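Report on the structure given below.
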């Protein structure tokens, strides 16, 4: 079962390893990312960053969806990481019982699409027009979305942050 679902373009890094994995008490980390799943070098880097005591797997988004639908996943405490709103939307549309979506760090280092500058909506969230529409679609599906970089910081409702009514 998904215990914590986060968009963070860095995927596995210090905040995830030290703060979020401890705060949430997860026993699995699932990275759902097509690029990482297809790159041995990225997989090695992510696995080196992962905590040794938590089983970590890196799958394509489609493989992650299938894994999350498997009844055996219901007893697990999974920290699910994606690096984009589009990947989050794919999961939300295909996996039941998504508890909520946490957005931590997004858009600062991602490549800009030609003619699509990103707008800052907080210290660590930068969104272009297409990504804004994807977030609107996620919110329309009734998924609670919050912006929070670390557990000690207060949460902000994503809809309020982005000005979505």
Check your understanding: Do we find a residue being more than 23 Å from residue 24 (Cβ to Cβ), crowded, with 20+ Cβ neighbours inside 10 Å and under 14 Å from the mean Cα position of the chain (by Cα) anywhere in region 63-78?
Key -> no
Practice item. Could you look through region 125-149, keep only residues that are out of contact with any strand residue (DSSP E or B) (no Cβ under 8 Å at 6 or more places or on another chain) and not in a helix (DSSP H, G or I), and pick out the one that is surrounded by the most Cβ atoms within 10 Å (Cβ to Cβ)? Key: 141
Review point. If you take the residues in region 19-34 that are in contact (Cβ under 8 Å) with a residue 24 or more places away in the chain and in a helix (DSSP H, G or I), which one is nearest to residue 75 (Cα to Cα)?
Key: 24
Exercise for review: Report, by residue number, each residue of region 89-99 that is touching a strand residue (DSSP E or B) at 6+ places or on another chain (Cβ under 8 Å) and over 18 Å from residue 28 (Cβ atoms).
Suggested key: 92
Check your understanding: Can residue 13 be described as farther than 28 Å from residue 129 by Cα, touching a residue at least 12 places away in the same chain (Cβ under 8 Å) and surrounded by fewer than 19 Cβ atoms within 10 Å (Cβ to Cβ)?
Key -> no
Review point. Within region 106-124, is even one residue in contact with a strand residue (DSSP E or B) (Cβ under 6 Å, 6 or more places away or on another chain), in contact (Cβ under 8 Å) with a residue 60 or more places away in the chain, part of a strand (DSSP E or B) and closer than 17 Å to residue 6 by Cα?
Key: yes
Practice item. Please determine, by comparing only the residues of region 22-44 that are surrounded by fewer than 14 Cβ atoms within 10 Å (Cβ to Cβ) and modelled with pLDDT of 95 or more, which one is nearest to residue 8 (Cα to Cα). Key: 35
Review point. Which residues, counting only those in region 49-72, are under 20 Å from residue 20 (Cα atoms), out of contact with any helix residue (DSSP H, G or I) (no Cβ under 8 Å at 6 or more places or on another chain) and at pLDDT 95 or above?
Key: 55
Exercise for review: State yes or no: is residue 89 part of a strand (DSSP E or B) and under 23 Å from residue 161 (Cβ atoms)?
Suggested key: no
Point to revise | Residue count, region 1-16 (criterion: assigned to a helix (DSSP H, G or I) and touching a strand residue (DSSP E or B) at 6+ places or on another chain (Cβ under 9 Å)) | key: 2
Practice item. For region 50-60, indicate whether the set of residues that are part of a helix (DSSP H, G or I) and either touching a residue at least 12 places away in the same chain (Cβ under 8 Å) or surrounded by 14 or more Cβ atoms within 10 Å (Cβ to Cβ) (or both) is non-empty. Key: no
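The values are calculated or read from the model by the stated rules, or taken from the named source; none is laboratory data. All values derive from a computational prediction rather than experimental measurement. Positions of Cβ are backbone-derived with ideal geometry, glycine not excepted, and every protein chain shown enters the neighbour counts.
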